[in-house]
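S.K.: Let me give you the structure first, and then I'll get to my questions.
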Amino acid sequence: MNPLKAYLARQLGHPSGWGGRLILRLLNRENATMNTIALKTLDVQTEQHILEIGFGGGSLIDHLLNTERSLEVTAIDISDTAVAMARNKFKAAIATNRLAVYQAKAEAVPAMDHTFDAIVTVNTLYFWSDVLAVLNECQRCLKPGGKLVVTYTSKAFLEAQQATQFGFQAYEFSEVEAFLRAVGFDVIETIAGEGRTNGTFFCTCGTTPKV
C-alpha cells in the first residue's frame, strides 16, 4: 500500500493536525466546481434554514452566507480541525446567529425533527459507514417538502484514482438514487458535471414528501 496515498485518504476522510489544515485549504479550491453545482441545485430561497454535512474547508458555507442574507446555516463536520477553522473564519456570522457550527457525525445531527428546509453535502458520501442511517437522519431533520442534495465523484473516477483501495466507498448514481428512494425521498433526480480535479461527478437530489 502506498503510504502517501493512505495518509491522504485518511486526511480527506477526517482532517486532523497540520496536514488536515493544509488539506482543508486545498479542498476549497479542488471542490469549487462541485460546490457551484450543489449550490445551484439547492436553489436557495429567502428565510431558509440550511444544513451542510461535512463542510471541510468552509467554502460552501461562505457561498451560502453570501447568496442570501436571510439564510440561517447550520454546519457539521466530524473533524475538530475543520470545526476550529470554521469557527475562527466565520466569527461574525456565528456572533449574529446566522451560522452555527458543530462537531458531529452525519448520522447524529444535533437538531430537532423537521428543522431544515434543505440539506447539502459534497464529497462525504464515500466515508459514511451506513448510508441508509445517514439518509434516515436527513429525513428526520428535513421539513416536509425539504430538499437533500448529495454531490459525489463517480465510481469510475474513484476507481481509476485507486481511492477505493484506501477506504473510499464508491457508488454509481443509480445506487445513490435507490438509497434515497429506499428511505422515502421522492422527486429524485441526478445531474452530471465535470471538474478538473474531480473528473466526472454527480449531484443527486430528492425531496421529503409533503404533508
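S.K.: For the stretch 54-76, which positions are outside any loop (DSSP other than H, G, I, E, B) and among the hydroxyl-bearing types (Ser, Thr, Tyr)?
M.R.: Ser59, Thr67, Thr74
S.K.: Hey, another quick one. Is it true that Gly206 is farther than 19 Å from Cys138 by Cα, under 18 Å from the mean Cα position of the chain (by Cα) and either open to solvent by 60 Å² or more (accessible area, probe 1.4 Å) or not acidic (Asp, Glu) (or both)? So that I can check it myself, show each step before the final result.
M.R.: Values: farther than 19 Å from Cys138 by Cα: no; under 18 Å from the mean Cα position of the chain (by Cα): yes; either open to solvent by 60 Å² or more (accessible area, probe 1.4 Å) or not acidic (Asp, Glu) (or both): yes.
No.
S.K.: List pairs: first residue in the stretch 71-85 and touching a residue at least 60 places away in the same chain (Cβ under 8 Å), second residue open to solvent by 10 Å² or more (accessible area, probe 1.4 Å) and part of a strand (DSSP E or B) anywhere in the structure, Cβ distance under 8 angstrom, at least six positions apart or on different chains.
M.R.: Listed by first residue and then by second, the contacts come to Ile78/Gln103; Ser79/Gln103; Asp80/Gln103.
S.K.: On to the next question. Pick from the stretch 1-51 the residues that are assigned to a loop (DSSP other than H, G, I, E, B), open to solvent by 40 Å² or more (accessible area, probe 1.4 Å) and modelled with pLDDT under 80: which of them is nearest to Thr81 (Cα to Cα)?
M.R.: The qualifying residue nearest to Thr81 (Cα to Cα) is Ser16.
S.K.: Does the stretch 157-173 hold any residues that are open to solvent by less than 70 Å² (accessible area, probe 1.4 Å) and not aromatic (Phe, Trp, Tyr), and which are they?
M.R.: First, the residues of the stretch 157-173 that are open to solvent by less than 70 Å² (accessible area, probe 1.4 Å): 157-158, 163-164, 166-168, 170-171.
Selection gives Leu158, Ala163, Thr164, Gly167, Ala170.
S.K.: Same structure, new question: Only residues that are open to solvent by 30 Å² or more (accessible area, probe 1.4 Å) and under 17 Å from the mean Cα position of the chain (by Cα): list them for the stretch 178-188, please.
M.R.: Once the filter is applied, which keeps residues that are open to solvent by 30 Å² or more (accessible area, probe 1.4 Å) and under 17 Å from the mean Cα position of the chain (by Cα), the stretch 178-188 yields only Phe179.
S.K.: Being touching a strand residue (DSSP E or B) at 6+ places or on another chain (Cβ under 7 Å), acidic (Asp, Glu) and under 26 Å from Ala32 (Cα atoms) is true for just one of Glu172, Glu177. Which residue is that? Show your work before the answer.
M.R.: Numbers: Glu172 fails: touching a strand residue (DSSP E or B) at 6+ places or on another chain (Cβ under 7 Å).
Exactly one residue qualifies, and that residue is Glu177.
S.K.: Please determine, by comparing only the residues of the stretch 77-96 that are not small (Gly, Ala, Ser) and not in a helix (DSSP H, G or I), which one is most open to solvent (accessible area, probe 1.4 Å).
M.R.: Initially, the stretch 77-96 is screened for residues not small (Gly, Ala, Ser), giving 77-78, 80-81, 83, 85, 87-91, 94, 96.
Of the ones still in play, those that are also not in a helix (DSSP H, G or I) are 77-78, 90, 96.
Working: Asp77: 15, Ile78: 64, Phe90: 14, Thr96: 91 Å².
That would be Thr96.
The values are calculated or read from the model by the stated rules, or taken from the named source; none is laboratory data. Since the structure is predicted, the reported quantities are computational estimates derived from the model, not experimental observations. Backbone-built Cβ (ideal geometry, glycine too); neighbour counts: all protein chains shown. Keep in mind that these areas ignore ligands, DNA and RNA; they rest on the heavy atoms of the full protein, side chains included. Shrake-Rupley method; radii C 1.70, N 1.55, O 1.52, S 1.80 Å.
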